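Structure first, then comments.
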Amino acid sequence: MKRLATIVSVLIYLAAVGLAGAASALDHGQGEMAGRVTETSVILQSRLTKGVKLVDGDLPGSPGVARFELATDPQFKRSRKTRWLKASPDYDYITKVKVADLKPATRYYYRLLYGPARSDITTGRTCSFRTLGGRNAIEQTKFVVVTGMNYYFFHEGPYDPNGAYKGDDKHLGYPALEAIRKLEPDFFVGTGDNVYFDHPEQNRNSSRWTGLAWSGRAETETEMRRKYHEQFIQRRYVDLFADVATYWEVDDHDYRFNDCDNTGDKTPTPEMGARNFREQLPVVDPQDPAALTYATFRVSRDLQIWLVEGRLYRRANRMPDGPEKTIWGETQKRWLKETLLASDATFKILISPTPLVGPDDKSKKDNHCNIGGFRHEGREFFDWLGRNGFLDKNFYILCGDRHWQYHARGGSGFEEFSCGALVDANSRFGVKAGTPNSTDPEGAIKQLYCKLKGDGEPSGGFMMVTVTPMGSAAQTTFTFYDEQGRQVYSHTK
């Protein structure tokens with residue numbers, strides 16, 4: 001019996017050593033992402049890691065080399081390969097490259113070739129993305145818009161563990177991601193709050209810290225990077241992004257902290273936030289330090305989208321509102337107006353990290369609809385849109401930031417759709433137009449859809465936009481889904 005016990009102990013030890021070795025083996029635990037896809041280019045990204053599991057709440061990176069292989073067939077019979085990339089700690093072991101000279105309206109298959117050296121290479125899973133068709137493409141397009149991907153609230157609960165997600169599938173990550181994958185969108189837009197640097201509020205070194213698996217408030221570069229590691233290792237992200245292209249914006253929580261601007265010396269600093277955004281997500285060519293984070297994309301004959309930058313150029317939130325106070329900055333604002341005027345797309349959709357119509361809470365000073373915030377710039381923009389006939393040009397606004405889904409028509413006549421927070425644990429009831437605690441006490445805003453207090457429980461979810469050609473015209477349907485993928489509202493233009 002003693003001999004048997006010894007053998008069992010040895011076997012258990014060997015198994016543990018084997019598992020530990022597998023957990024620390026060179027891998028790419030966050031999967032791959034295809035970002036900023038155009039008619040002829042894409043930014044491909046991965047990260048070399050030690051295994052595929054979190055260790056004390058983080059996924060360690062690993063040195064090595066990698067490159068991407070692309071083809072128009074899943075067997076890679078006629079493929080091309082990118083240059084070799086080095087995974088180094090200076091860039092968080094991320095391998096990222098912009099690939100040009102692609103064909104429009106074409107599905108590309110790609111995979112990561114990686115290893116400790118060029119002579120010892122492993123082939124990753126086959127992923128895919130589809131290039132945009134551009135102005136000559138007459139085809140249906142489906143895309144989703146999300147915000148509020150609060151890892152801590154989902155896993156641990158906002159401020160009470162009873163508020164955390166309770167499903168048996170919790171270890172896979174947010175159920176809304178699986179619902180999105182099943183809908184098979186052409187691309188995914190993260191409007192910001194892609195991670196939360198300031199949640200939970202205390203730092204891991206704080207005497208109040210009780211969490212064991214969660215990263216605390218991020219104040220250093222290492223802690224900021226950790227937020228992305230724990231987020232994108234979740235299986236449902238890996239599976240979704242394997243076949244769906246991504247576009248990203250940054251907002252307050254993943255730039256610095258709640259309702260932040262560029263003032264003060266609190267960490268993360270503006271420089272840290274800007275660098276981290278460009279590093280952790282496929283938004284700019286890493287070889288082009290001057291590349292802008294705002295852009296417009298001609299998706300098809302019937303659709304053009306605009307992604308704007310809402311943190312980098314803003315003036316101080318506490319600055320008195322007026323002509324000099326801006327979120328966008330003069331250069332970006334001039335670009336936005338010029339490209340809108342130049343567009344002949346049937347539908348023109350502005351995707352903003354923050355709302356322009358609302359209503360929002362009266363107490364806030366962070367966005368274009370806030371009283372004492374940046375309302376002057378917002379109203380000036382709506383006046384400009386009106387003077388240039390955009391009420392008759394199918395111009396609509398999609399926004400993130402707000403933790404409730406809504407469809408609203410402002411006093412200017414322009415309409416805004418808020419996608420709501422991706423997870424229920426990060427959602428809340430909306431603000432009712434015409435009430436004293438809102439940014440619209442006069443009731444000028446018509447709320448076509450909004451979940452208000454008394455309408456059951458607050459819920460999160462996402463928005464899908466479907467643009468469908470109809471002869472020489474087109475129609476667009478804006479649909480809200482809840483966390484489990486159930487449709488809760490739909491509106492067609």
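Of all residues in region 416-473, count the ones that are touching a strand residue (DSSP E or B) at 6+ places or on another chain (Cβ under 6 Å) and modelled with pLDDT under 95. Number satisfying all stated conditions: 2. Residue count for region 129-156 under the criterion of being in contact with a helix residue (DSSP H, G or I) (Cβ under 7 Å, 6 or more places away or on another chain) and on the phi > 0 side of the Ramachandran plot: the result is 1. Of the strands (runs of 3 or more DSSP E) lying entirely inside region 404-493, those containing at least 1 residues that are farther than 20 Å from residue 154 by Cα and out of contact with any His (no Cβ under 9 Å at 6 or more places or on another chain) span 405-409, 446-450, 461-470, 473-482, 487-492.
Applying the set (1) assigned to a loop (DSSP other than H, G, I, E, B); (2) touching a helix residue (DSSP H, G or I) at 6+ places or on another chain (Cβ under 7 Å) to residue 371 leaves exactly one unmet item: (2). Flag not set for residue 439, criterion: free of Cβ contacts under 8 Å to residues at least 24 places away in the same chain, buried (at least 19 other Cβ atoms within 10 Å of the Cβ) and either farther than 27 Å from residue 331 by Cβ or in the same structural domain as residue 322 (by TED's automatic domain parsing) (or both).
The condition (being more than 26 Å from the chain's Cα centre (by Cα), surrounded by 14 or more Cβ atoms within 10 Å (Cβ to Cβ), farther than 30 Å from residue 186 by Cβ and not small (Gly, Ala, Ser)) is satisfied by just one residue among 116, 60: 116. If you go through region 384-403 and pick out every residue that is in a strand (DSSP E or B) and within 16 Å of residue 480 (Cα to Cα), you end up with 4. Restricting region 114-133 to residues that are in a loop (DSSP other than H, G, I, E, B) and basic (Lys, Arg), which is farthest from residue 35 (Cα to Cα)? The residue in question is 118.
Every condition in (1) within 22 Å of residue 252 (Cβ to Cβ); (2) surrounded by fewer than 20 Cβ atoms within 10 Å (Cβ to Cβ); (3) of a type in the set (A, V, I, L, M) holds for residue 452 except the one numbered (1). Only residues that are closer than 17 Å to residue 330 by Cβ and among the small types (Gly, Ala, Ser) were counted across region 358-391, and they come to 1.
The values are calculated or read from the model by the stated rules, or taken from the named source; none is laboratory data. All of these numbers come straight from a predicted model, not from anything done at the bench. As a convention, Cβ positions derive from the backbone with ideal geometry for all residues, glycine included, and neighbour counts pool all protein chains shown.
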